[in-house]
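Please read the structure below before turning to the comments.
The values are calculated or read from the model by the stated rules, or taken from the named source; none is laboratory data. These numbers were taken from a predicted model, which means no experiment stands behind them. Neighbour counts run over all protein chains shown; Cβ positions are idealised from the backbone, glycine included. To get the accessible areas, we keep the full protein, side chains included, count just its heavy atoms, and leave off ligands, DNA and RNA. Shrake-Rupley method; radii C 1.70, N 1.55, O 1.52, S 1.80 Å.
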2 protein chains.
Amino acid sequence: MPFTSAINLSIPLLATATETADSSMVLAAVLLSLVVIYFASKLGGELSNKVGLPPVLGELVGGVLVGVSVLHLLVFPEGGTDTSNSLIMYFLQTTAGLTPEATPQVFAAQSEVISILSELGVIILLFEIGLESNLKDLMAVGIQAFVVASAGVIVPFAAGTVGLMTIFGISAIPAIFAGAALTATSIGITSKVLSEIGRLNSKEGQIILGAAVIDDILGIIVLAVVGSLAKDGVVDVGNVIYLIISASVFLIGAIVLGNVFNKSFVAIADKLKTRGELVIPAFIFAFIMAYLASVIHLEAILGAFAAGLVLEETDKRKELQKQVIPIADMLVPVFFVTVGAKTDLGVLNPAIPTNQEGLIMAIFLIIVAIIGKVVTGLTVFGQPGINRLAIGVGMIPRGEVGLIFAGVGAASGVLSKPLGAAIIMMVILTTFIAPPLLRLVFPDSDTATNLDNNLGESLAAEPPQTLITTKDD
Amino acid sequence: MPFTSAINLSIPLLATATETADSSMVLAAVLLSLVVIYFASKLGGELSNKVGLPPVLGELVGGVLVGVSVLHLLVFPEGGTDTSNSLIMYFLQTTAGLTPEATPQVFAAQSEVISILSELGVIILLFEIGLESNLKDLMAVGIQAFVVASAGVIVPFAAGTVGLMTIFGISAIPAIFAGAALTATSIGITSKVLSEIGRLNSKEGQIILGAAVIDDILGIIVLAVVGSLAKDGVVDVGNVIYLIISASVFLIGAIVLGNVFNKSFVAIADKLKTRGELVIPAFIFAFIMAYLASVIHLEAILGAFAAGLVLEETDKRKELQKQVIPIADMLVPVFFVTVGAKTDLGVLNPAIPTNQEGLIMAIFLIIVAIIGKVVTGLTVFGQPGINRLAIGVGMIPRGEVGLIFAGVGAASGVLSKPLGAAIIMMVILTTFIAPPLLRLVFPDSDTATNLDNNLGESLAAEPPQTLITTKDD
């Protein structure tokens, strides 16, 4: 009986966990987390940039460093981590007088806030990518790029999903998620390397970049479908067809209605006289679209991407882009560092025998990731003498898009720890391997070096260089 | 026994409230809340701007409109509101399939996230104000402005606190908080009106603006002290002295060490080559300062303000300001709308007899607010023929700084509902009343109209026009 009443007494406290959490402690925890995130992102991003890799990869590795794999500065309760594992909580206890009793509540609230900030980060990232993707130019690249992109989505997806299910006995939904992560192509990395070896405006370069942009769009549709399957927990053919159609209709509908939206947007922005006259209406639009996408069971980021595509068609685009950049700079690193921090690479430690399966899965995914894209070069038709191998190799790096898949998958909770870590390893490795491979398959690249470095801007596909843009660009 | 075991079963669920809250529902709720906040802020801000009042006042009123007083779109659990009162929760239940069982957790998580976003908003606001306050110019305005500012802090603070304690029997801490809210002066409103009537560069205008800037700094120190008292719950003279000294030492220390900080900041920013090379190091600095301020029991915003003051002294200032503006545009409205939304103006409804005391308190605060600032004009010395009344009247509007007090007070939980609402009424009324009064006490203002409208930029005090800046400035 005393035991029962003790429980009864403690219930109100537990039920109102988030309300009773001392709000100034939560704020202090969030501030410290952001400081850690920004340190990790800048350290990793700058080092990565220095060795010629995209900053985003460094941000991810920085996240792995501060997260559950190594330093335990930024950890989340999802992974079964308790508060004693969080160095930030320990730091708050020693410096700010956080009591051990209040710690679980502050820890939960801090994790909730950082997770939502990270999701806002990826929403703004996709909005910015949409804002930088020019649809009309894209359509001019033509059917060639579309075929390559489709092959580059279908082949790795099918091989990855079927392989995981049959060889490793993974159940359908996580297997589909991993397969989907294999479809991504990082336009940032490829376009940067092509520009460095003077091949950006070659026929191969044009096809690769066009295909990479289309690939991004297809990938976002795939992600919306797969994310929805993960929420429902069942794969049924009717549902899959409904989701593919609704995702496509949503995106195409937004673009078709785009003229109405962007005319009203310009009219409203012109009328507003107080600060935020561009950013606030744009975010109202983007957040409503993100909400609508999630209401019809797709991913919020699809809505943000569609909103970006629509507003790209206005003459406010340049000014809006300029204002979105600092906001993205503040929020996007939260996403990439959080993805890294939540990834427990320890589950792939080869010294531990039980990790064997995860490691083999990682190796399998990497092989599928490489071969699945290299074969896409074979689908190029009617282009005698074209370097098909180069086109396939150019599609290999997964970069930021692959990470978005991994992040969304981890947040949905469908991926097992080894599978999640295997996907991250696949993304990191394909991204590391692509630049040297590309140089290899363009054997005469040295002679052409820097020939068309400055032609990048006239590029038909106008790639969203969001994630690789460096200060001096 | 079945009852006990039912409780036992439910405990894990309750304990992990925030973890189990469906994260995509929380995200949807946050997105909807932001849409509501942005709508309210733009609607209120633009209308306010149209009638010649500062946009921030409209944002507050917009917040009142969508909040607990009227529409119940944006409500928070603190006020004892349950989830059935939140229209956003109702909307999520009808459109997004949110279940009634999951609603309390989603509601709690959404409120936590919006509250922290609002606190990040006020941190960035104070960082931006710091970044726009030029210390050297301020020192040139001299002792005259300092005396006026000190009188404008001491008189209303003493009269308000003592009056509330003796006349209304309010206990010490809430009375001190309300007294502190009376000390603020809105530089934005006054400088705008002075510029409109062509008096910005008159002797009176110079003293008013200098005093308003110093008043802001004194006010932030007062707020840091009072906020700390509210946390501890006791007022003891030793503690007050410790807090005043530590707040002053913190601010002066930051400024004195500023040279070291801003040299390292510039050196680091120059080395960074990837995106966010300015904003991220600046935020790392600002957030660390905010954390330090809160660790030594002051307010986080004092740290952010100090960080802004320090970075103002670098040659990166202009570029940094430009990048911070869109971020502030995104986050600051969350603060002002949230302050309005949390204010229950219903407690001042004169039709309900029990509200009488709150109403009388509001009237008392308004009278003290006006008289307490008007008398400061009398402290001006050695300036024969100067318009002392005009100087006093120029100090009346509380504007954004008064709202920051009200918001921090409400968040700390020390203010009763009627007292909180009375403070908001005082801020609104003093802000509404100042522009016509100022025109009245400068009787010859029409003849001087627009004479020095364009001299604003050469103004010695370079006022932080953050909150009144309109697009065409």
Original post:
Which condition breaks for A:Thr183 when tested against (1) assigned to a helix (DSSP H, G or I); (2) closer than 19 Å to A:Leu429 by Cα?
Top reply: (1)
Original post:
Here are some residues: B:Val401, B:Val427, B:Val441. Which one is touching a Lys or Arg at 6+ places or on another chain (Cβ under 7 Å), more than 14 Å from every other protein chain (Cβ to nearest Cβ) and either closer than 21 Å to B:Ala341 by Cβ or at pLDDT 80 or above (or both)?
Top reply: B:Val427
**OP:** Give the number of residues within the range A:298-307 that are part of a helix (DSSP H, G or I) and more than 10 Å from every other protein chain (Cβ to nearest Cβ).
**Re:** 5
Original post:
What do you reckon, is B:Ala369 open to solvent by less than 10 Å² (accessible area, probe 1.4 Å) and at negative phi?
Top reply: yes
Original post:
Does the range A:277-287 contain at least one residue that is touching a Pro at 6+ places or on another chain (Cβ under 6 Å) and assigned to a helix (DSSP H, G or I)?
Top reply: yes
**OP:** Enumerate the helices (runs of 4 or more DSSP H) found wholly within the range A:24-132, keeping only those where 1 or more residues are hydroxyl-bearing (Ser, Thr, Tyr).
**Re:** A:87-95, A:103-132
**OP:** Give me the pairs, please: first residue somewhere in the range B:66-95 and assigned by the TED database to the domain that holds B:Val414 and at pLDDT below 90, second residue anywhere and part of a helix (DSSP H, G or I) and not acidic (Asp, Glu), beta-carbon distance under 7 Å, and either six or more positions apart or on two chains.
**Re:** none
Subject >> Residue check for A:Leu272: surrounded by fewer than 24 Cβ atoms within 10 Å (Cβ to Cβ), touching a Pro at 6+ places or on another chain (Cβ under 9 Å) and without any contact (Cβ under 8 Å) to a residue 60 or more places away in the chain >> reply: yes
Original post:
Looking only at the range A:329-349, which residues are in a helix (DSSP H, G or I) and either farther than 16 Å from A:Glu400 by Cβ or within 8 Å of chain B (Cβ to nearest Cβ) (or both)?
Top reply: A:Asp329, A:Met330, A:Pro333, A:Ala341, A:Lys342, A:Leu345, A:Gly346, A:Val347, A:Leu348
**OP:** Could you look through the range B:312-326, keep only residues that are open to solvent by less than 30 Å² (accessible area, probe 1.4 Å) and within 21 Å of the chain's Cα centre (by Cα), and pick out the one that is farthest from the other protein chains (Cβ to nearest Cβ)?
**Re:** B:Glu312
**OP:** Please find, within the range A:24-38, the residue that is nearest to the other protein chains (Cβ to nearest Cβ) out of those that are touching a residue at least 40 places away in the same chain (Cβ under 8 Å) and open to solvent by 10 Å² or more (accessible area, probe 1.4 Å).
**Re:** A:Leu32
**OP:** Kindly provide the set of residues from the range A:83-101 that are surrounded by fewer than 23 Cβ atoms within 10 Å (Cβ to Cβ) and within 11 Å of chain B (Cβ to nearest Cβ), ordered by number.
**Re:** A:Phe91, A:Thr94, A:Thr95, A:Ala96, A:Gly97, A:Leu98
**OP:** Would you please list the contacts, defined by Cβ atoms under 7 Å and residues six or more apart or on different chains, that run from a residue in the range A:102-116 that is more than 9 Å from chain B (Cβ to nearest Cβ) and farther than 22 Å from A:Pro333 by Cβ to a residue that is open to solvent by 10 Å² or more (accessible area, probe 1.4 Å) and of a type in the set (D, E, K, R)?
**Re:** A:Ala102/A:Asp22; A:Val106/A:Asp22
Original post:
If you go through the range A:220-259, how many residues are closer than 23 Å to A:Ile288 by Cβ and open to solvent by less than 40 Å² (accessible area, probe 1.4 Å)?
Top reply: 16
Subject >> Matching residues in the range B:277-297 - criterion: being within 7 Å of chain A (Cβ to nearest Cβ), open to solvent by 10 Å² or more (accessible area, probe 1.4 Å) and under 19 Å from B:Phe250 (Cβ atoms) >> reply: B:Ile284, B:Ile288, B:Tyr291, B:Ser294, B:Val295
**OP:** Note down all Cβ pairs under 6 Å where the first residue falls in the range A:156-177 and is free of Cβ contacts under 8 Å to residues at least 60 places away in the same chain and closer than 24 Å to A:Met395 by Cα, the second is part of a helix (DSSP H, G or I) and of a type in the set (S, T, N, Q), and they're at least six residues apart or on different chains.
**Re:** A:Ala175/A:Thr161; A:Ile176/A:Thr161
Original post:
Only one of these conditions is not met by B:Lys136: (1) surrounded by 24 or more Cβ atoms within 10 Å (Cβ to Cβ); (2) out of contact with any helix residue (DSSP H, G or I) (no Cβ under 7 Å at 6 or more places or on another chain). Which number is it?
Top reply: (1)
